[in-house]
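Single-structure report; data block below.
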Amino acid sequence: MAFSKLYDTHDAAVADVRDGATILVGGVAKSNEPSGLLSALLRHDATDLTIVCDFSGWDGSETIPRLVKDGRVSRIISPYPFLGAHGGVIPELWELGDIEVVAVPHGTLAERLRAAGAGIGGVFITTGVGTRFDMDKESRSIDGVGHVLETPLRADFALLRCHRADGVGNLVYRGAQRGWNSVMATAARTTVVESDEIGEPGAINPELVITPGIYVNRIVRAAGAPAV
Amino acid sequence: MTEDKERLDRAIMAMRVAKELPPGGTVNLGIGIPTLVSMFVGDDSIVFYHSESGVLNCGPLAEDGNEDIDLINAGGQFLEPVPGMAYFSSADAFAMIRGGHVDVTVLGAHQVSANGDLANWMLPERGVGNIGGAMDLAAGADKVIVAMEHNDRNGNAKVVEECSFPLTGKGCVSLVVTDVAVLEPTPDGMVLRETAPGWSPEDVQEITGAALIIPESVGEYEV
């Protein structure tokens, strides 16, 4: 095959991450973390990063806390920025004012990413109306119900994981892998995916493709299946 | 005096909540006492579970040794696979919630106000919080049931006139199940619906931070 999005190494797949980059990290809780790509990012020297993720740290996964500890992260945007990190490095540096932590409702974050991927200028939603999450946001009454405007969240990179990919970037997930990974795949300028299995084009039935290859720039083989 | 009175345990609270789940309905269970609810849904009452992690019709929590790394709820707990499951994106998971397709959500809380405001994501003394999907569920689910202890570890009332903690949602709670009572927030105030065995309405009022509306007949806490 002449054309392929396949990269040989995780390091090559993230080599052009620049200082100040906004990076989406896929996975839900401890499941389906793109561990090979995150390890490559740890070996990289880019700094002043903004990390957008579901959980920022949890028992058994040290990757994002380690990036933070190394002083590489300026900002974390997450529904669960502190979970599994009681007394850990993220609250510590946050209290010192060394990193910015932005808590975003899970569904609001998903919709902001979806809007970015779909080229929509924002969405009016009811989540957070009457709470501190509606401060400084444009509000509107729609059918008599209060809504606030949530704007798109675009990223430079998405580091994701899937179960099966083909050389043109079509993806299939397994279980809850689909949750964040399929939304984040659409919202970054460069989407990099590590896949448990990689096949030739045709290896995935087109009827069953979850993320069409147009959203995917780079594929790399996963280092190994994550352990329970 | 209420100090010596026996409070119901978490399993009994979960059983009481389970009675509220509509047969054939779709339910999203939060972390803590709400998670226990699935253990008490009878075999004759089919309920579909929704998880923000992107799973519909999932089973209860997985047994030890039967965990699948890719089958988890939003709290990172492993789920049991059951026939008829569906997987979807986070955007779809919350479209289902905001779109009113999830019938009931059961959440824990730090405080619930007399008119149904909910505070459950951040304790001010910690200065930080994990909002997760609670705010979307509070805004989007058809019915929000709160399952919580009536008082916190220091004895402070969690049913209050007005929430002092940062809000999750305004006027969104429709039923509160605690370890001593079942209560219904209304625009007029908090109505006492049921009391636990051995508790009078006056006993419940004594440990509650809002003036209760006590109807002529208050039921016994039924499970």
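The values are calculated or read from the model by the stated rules, or taken from the named source; none is laboratory data. On a predicted model such as this, the values are computed, not experimentally measured, just so you know. With ideal geometry, Cβ positions are generated from the backbone for all residues, glycine too; neighbour counts draw on all protein chains shown. For the accessible areas, the whole protein counts, side chains as well, though only heavy atoms, and no ligand, DNA or RNA atoms are used. Shrake-Rupley method; radii C 1.70, N 1.55, O 1.52, S 1.80 Å.
Tallying residues that are open to solvent by 30 Å² or more (accessible area, probe 1.4 Å) and among the small types (Gly, Ala, Ser) within the stretch B:1-31 yields 2.
In the stretch A:140-154, the count of residues that are crowded, with 18+ Cβ neighbours inside 10 Å, in a strand (DSSP E or B) and touching a residue at least 60 places away in the same chain (Cβ under 8 Å) is zero. Taking the criterion of being assigned to a strand (DSSP E or B) and of a type in the set (Val, Ile, Thr), the residues of the stretch A:23-51 that qualify are A:Ile23, A:Val25, A:Val28, A:Thr50, A:Ile51. Remark: A:Ile198 matches the filter, which requires a residue to be aliphatic (A, V, I, L, M), more than 9 Å from every other protein chain (Cβ to nearest Cβ) and not in a helix (DSSP H, G or I). Here A:Arg140 meets the list (1) facing chain B (nearest Cβ under 10 Å); (2) of a type outside the set (A, V, I, L, M, F, W, C); (3) touching a Phe, Trp or Tyr at 6+ places or on another chain (Cβ under 8 Å) almost entirely, failing just condition (1). Within the stretch B:70-81, being open to solvent by less than 20 Å² (accessible area, probe 1.4 Å) and either within 8 Å of another protein chain (Cβ to nearest Cβ) or touching a His at 6+ places or on another chain (Cβ under 7 Å) (or both) holds for B:Asp70, B:Leu71, B:Ile72, B:Ala74, B:Gly76. Within the stretch B:193-207, the set of residues being assigned to a loop (DSSP other than H, G, I, E, B), at negative phi, open to solvent by 20 Å² or more (accessible area, probe 1.4 Å) and in contact (Cβ under 8 Å) with a residue 24 or more places away in the chain comprises B:Pro197, B:Ile207.
Taking the criterion of being part of a loop (DSSP other than H, G, I, E, B) and open to solvent by 50 Å² or more (accessible area, probe 1.4 Å), the residues of the stretch A:84-101 that qualify are A:His86, A:Gly87, A:Gly97, A:Asp98. Does A:Gly27 count as on the phi < 0 side of the Ramachandran plot and at pLDDT below 95? No: the conditions fail for A:Gly27. Out of the residues in the stretch B:145-192 that are part of a loop (DSSP other than H, G, I, E, B) and in contact with a strand residue (DSSP E or B) (Cβ under 6 Å, 6 or more places away or on another chain), state the one that is nearest to B:Gly209 (Cα to Cα). Once the filter is applied, the top-ranked residue is B:Lys158. Being under 23 Å from A:Val220 (Cα atoms) and of a type outside the set (Gly, Ala, Ser) is a condition met by at least one residue of the stretch A:146-155.
Just wondering, is there one or more residues in the stretch B:124-133 that are among the charged types (D, E, K, R), farther than 18 Å from A:Ser78 by Cα and touching a residue at least 40 places away in the same chain (Cβ under 8 Å)? Checked against the condition, which is being among the charged types (D, E, K, R), farther than 18 Å from A:Ser78 by Cα and touching a residue at least 40 places away in the same chain (Cβ under 8 Å), the stretch B:124-133 yields no hits at all. Pairs are defined by a Cβ separation below 7 Å, a sequence spacing of at least 6 or placement on different chains, a first member in the stretch B:83-95 that is facing another protein chain (nearest Cβ under 9 Å), and a second member that is polar (S, T, N, Q) and assigned to a helix (DSSP H, G or I); the pairs so defined are B:Ser89/A:Ser182. Taking the criterion of being open to solvent by 30 Å² or more (accessible area, probe 1.4 Å), modelled with pLDDT under 90 and within 12 Å of chain A (Cβ to nearest Cβ), the residues of the stretch B:33-66 that qualify are B:Asp64, B:Gly65, B:Asn66. Of the residues making up the stretch A:102-132, those that are open to solvent by 30 Å² or more (accessible area, probe 1.4 Å), facing chain B (nearest Cβ under 7 Å) and either part of a helix (DSSP H, G or I) or under 30 Å from A:Lys69 (Cα atoms) (or both) number 2. Since B:Arg153 meets every condition but one in (1) within 22 Å of B:Trp199 (Cβ to Cβ); (2) at pLDDT 95 or above; (3) open to solvent by 10 Å² or more (accessible area, probe 1.4 Å), which condition does it not meet? Only one criterion is unmet by B:Arg153, namely (2).
When residues in the stretch B:147-177 are screened for being more than 14 Å from every other protein chain (Cβ to nearest Cβ), under 27 Å from A:Thr126 (Cβ atoms) and under 14 Å from the mean Cα position of the chain (by Cα), 8 of them pass.
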